1. Could you pull out the GluC sites (Glu not before Pro) across the stretch 32-86 that fall in loop regions by DSSP (anything but H, G, I, E, B) with no more than 12 other Cβ atoms inside 10 Å?
2. For the chain, report the accessible area per residue in Å² (1.4 Å probe, heavy atoms, rounded to an integer).
3. Percent of accessible area on the chain owned by carbon and sulfur, 1.4 Å probe?
4. Out of the stretch 1-36, which chymotrypsin sites (Phe, Trp or Tyr not before Pro) are coil in DSSP terms and have no more than 11 other C-beta atoms within 10 Å?
5. Given the whole protein assembly as supplied and a 1.4 Å probe, what does the accessible area of Arg107 come to in Å², nearest 10?
6. Taking springs between alpha-carbon atoms closer than 10 angstrom, which of Glu177, Glu136, Glu194 fluctuates most in the Gaussian network model of the chain?
7. Restricting attention to the stretch 86-135, which chymotrypsin sites (Phe, Trp or Tyr not before Pro) occupy a DSSP loop and are surrounded by at most 13 other Cβ atoms within 10 Å?
8. As a check on your grasp of the helix formula, calculate [θ] at 222 nm for the chain: sum -39500 (n - 2.57) over DSSP H runs of n ≥ 4, divide by the residue count, round to the nearest 500.
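The values are calculated or read from the model by the stated rules, or taken from the named source; none is laboratory data. In this text the structure is predicted, and so the values were computed from the model without any measurement. Glycine gets a Cβ as well: all are built from the backbone with ideal geometry, and neighbour counts include every protein chain shown. Side chains are part of the model used for accessible areas, which takes the heavy atoms of the whole protein and leaves out ligands, DNA and RNA. Shrake-Rupley method; radii C 1.70, N 1.55, O 1.52, S 1.80 Å.
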Amino acid sequence: LRAAVERFVGMFALALWDGRTRTLVCARDPIGVKPFYYRWSGQRLYFASEVKALFADPAVVKEPDEETIADYLLMGFRDPEATFFAGIRQLPPAHVLCLTTSGISIRRYWEIDPSRVIRYAREEDYLEEFCHLFREAVRCRLRSHAPVGVLLSGGIDSTAVAAMAETLRRAEQGVPELAAFTLLAEGVLQEEWEAIQRLVESYGTEVHAVR
């Protein structure tokens, strides 16, 4: 289970129980999109996706962490695990927490390598690889137990995401319909609104405009 999180794709915060080794494995996605808060008393591990959920147990006392608050006001968060509440920590992004009979241990399971350079023989290969990664990134985020929507600004990135999502919906089964939301304000750039209109004309995307 500890090695499995290195192969997960997307955003997640999870806890998996391994009954064979009696090990609880908790992990957070590499970027830290999904939150994971915990308290270790030395005998019991509390964890939740929100701090307030931890206070449902009377044993978890709601007290401010004055040192962390002062540090935040003066320097910002220097401890990636700190919270404003005493005894409550957050699992850093790209880390896995393991609870065994010996206690808890935390380790990093992923780290970006800034020295890694990808080289292809042809210019077309870069485009092909980008299209593949972009397609997979959008596909992964279309999997949901609830309706899927996109914030559409009319810029290159959000329009490209919406267009790829619609392309996948047409080409594959099981891809949900996409609802797009855009904010219309005074002075909105004409070319951005035109890009949204082209998306509607090309794919029939349902756009909800909020003024």
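1. The qualifying sites are Glu50.
2. 69
3. Reported share for carbon and sulfur atoms: 54 percent.
4. Answer in residue order: no site qualifies.
5. 90
6. Glu194
7. Tyr120
8. Per the formula, -9500 deg cm²/dmol.
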